[in-house]
Structure formats: structure tokens, C-alpha cells
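Quick notes on the structure that follows.
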Amino acid sequence: MSKKAVGIDIGGTGIKGALVSTKTGELRSERIKLGTPEGGEPEAIAEVVRDIAAAVDDKPERALGICFPAVVKHGITQSAANVSDRWIGLDADELFSNTLNRHVHVINDADAAGVAEVKFGAGRKRSGLTVMTTLGTGIGSALFYNGVLIPNAELGHLEIDGVDYETRASFAAMERDSLSFEEWAERLQIYFSTLEKLFTPDLFIVGGGVSKSHEQFLPLLKLKTEIVPAALQNSAGIIGAAALAYASE
Ligand code: BGC
């Protein structure tokens, strides 16, 4: 049986997808990226996802995983950070299954990226507690104990000094406030020290597009926990969504 599945990663600015080998984590098609429709409304996003799925895969019987920037429980999106509020309480499994005319599996975007890193990337063969964080428009997080995902950790919204800390320490916050890497690292220091105090992890993995520039900020952080950049970077969400969908078929 072919071990390929389709992965689609929905973000606040772009939606990307590819066919993935769930055995190796390698992409088996071109990676296609289209813009997220203005307002992030459910039906408009579902149509873009349908177009990407059709472009990367001609076998609708294959598993298809979609990751999304929200808490996702039993296929229902329960929050909406950086997308339309209409996603709150929406049956996303049903919306995508109907629009794509095939079975889909929807999960949180950071959980998907974490699954990819733990299976194929920076968290491979690591035991104990791994905390994955993605620094992008928001801060995504995923917890793994001995490689097993504990879904829907929402540690980006930790309240520190009275503020939802993703509004200070995400990559979008760095850009918004025109911070240098040194200035941003001061905020990241507060954020990761808090996570360290709460969880005493064995490993932090830092993903998101900015993890390409990890040399500019990770060495500035003073932590007891090992902290490493993600290995799969921009494709982690796609790969993890595909792997999880394949495993749950
Ligand atoms: C959302 C998370 C998501 C993260 C990264 C946060 O604002 O609450 O569900 O994983 O952004 O997209």
C-alpha cells in the first residue's frame, strides 16, 4: 500500500500543501502555496484548500490532513486567532469533507509541525518532554512526552505581566515593533524562562519561518533546557498533517 498522504497547512497569510511520503517525511509533489483569502472566512478558505488538494494529488481515496491555527477537538475548531471568528465552534471536518468531497482530518497547526519534527526532524528519538513552539503570526505550541502528542496545548496565550504573551513575543510582534534580534530575544527570554519554570522540559524546538535565522537569536537565550531550531521549517505543518491523517485512517 502506498504510504503517501496529502498535507495542507492553513495560516493567516498563506495556505500551502503537498503530497508527502509518510514513511520518510519527504515531499512527493511540488509544494503549492496560495494566499489566504481576506478575512479568513471558512468557505473561502475551504475553496482554496480544495484547489491545492486537486493540484497536488489525483487520488481522492488518499488520506488528507489539514492543519489550522486553532484549538481543534474532534474536528471542531474551538478558537480563532488570526482568522475569522466564524471558525469558533465550526465543524471544520464537515466543512472540508463536503467541499473537497473526501474524508479529511483537521488538527492544530503547531501540533502538526511538532509531529513532523518529532517523527522526522529535530525531535527524533528524543525521550522525556519535548516542547515545540512556532514563532509566526502567533505563537503555536505542542507538547510531546516520549514522542506522544498531548494535543491542543495553547502556550502562546500564556499571560505574563498581564498580557497574552504571543502579542509580545511572536515574530509578528517583532516586526510590528521593529525590534532588533537582541531586543526580541529579551522578550523570548521571558517567554521561554516561564515555560521552563512551568514544565521543566527536556527539549525546546523552535519553528516558524524565522527559525531559518536561529543563529541570530537562539544563542542569546539563557536556559537550562536545550533549545534547537526546527529542522523541517516551512514544510513541517504539511508533513505533520499528512502523517497524522495517514495514521488515523
Ligand atoms: C493559536 C494557536 C496556533 C498558533 C500558531 C495561536 O494564536 O491560538 O492555536 O497554533 O497561533 O498559529
Original post:
Tally time: how many residues in region 90-146 are more than 17 Å from Ala230 (Cα to Cα) and more than 16 Å from the ligand (Cβ to nearest atom)?
Top reply: 17
**OP:** Tell me which residues, restricted to region 1-18, are within 14 Å of the ligand (Cβ to nearest atom) and under 19 Å from Tyr246 (Cβ atoms).
**Re:** Asp9, Ile10, Lys16
Subject >> Selection within region 178-193 - open to solvent by less than 60 Å² (accessible area, probe 1.4 Å) and either touching a Leu at 6+ places or on another chain (Cβ under 6 Å) or not polar (S, T, N, Q) (or both) >> reply: Leu179, Phe181, Trp184, Ala185, Arg187, Leu188, Gln189, Tyr191, Phe192
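Answer with yes or no whether Ile160 is surrounded by fewer than 23 Cβ atoms within 10 Å (Cβ to Cβ) and within 16 Å of the ligand (Cβ to nearest atom).
On the way: surrounded by fewer than 23 Cβ atoms within 10 Å (Cβ to Cβ): yes; within 16 Å of the ligand (Cβ to nearest atom): yes.
Considered against the rule, which asks whether it is surrounded by fewer than 23 Cβ atoms within 10 Å (Cβ to Cβ) and within 16 Å of the ligand (Cβ to nearest atom), Ile160 comes out as yes.
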**OP:** Scan region 62-93 for residues that are touching a residue at least 40 places away in the same chain (Cβ under 8 Å), assigned to a strand (DSSP E or B) and either open to solvent by 20 Å² or more (accessible area, probe 1.4 Å) or aromatic (Phe, Trp, Tyr) (or both) and jot them down.
**Re:** Phe68, Lys73, Leu90
Original post:
Hey, any hits in region 216-228 for a residue that's within 21 Å of the chain's Cα centre (by Cα), crowded, with 21+ Cβ neighbours inside 10 Å, touching a residue at least 60 places away in the same chain (Cβ under 8 Å) and closer than 30 Å to Leu19 by Cβ?
Top reply: no
Original post:
Of all residues in region 109-137, which are open to solvent by 10 Å² or more (accessible area, probe 1.4 Å) and in a strand (DSSP E or B)?
Top reply: Leu129, Thr134
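The values are calculated or read from the model by the stated rules, or taken from the named source; none is laboratory data. What you are looking at is a predicted structure, and each value in this text was computed from that prediction instead of being measured. Cβ: placed from backbone, ideal geometry, glycine included. Neighbour counts: every protein chain shown. Quick note on the areas: whole protein, heavy atoms, side chains included, nothing else; ligands and nucleic acids left out. Shrake-Rupley method; radii C 1.70, N 1.55, O 1.52, S 1.80 Å.
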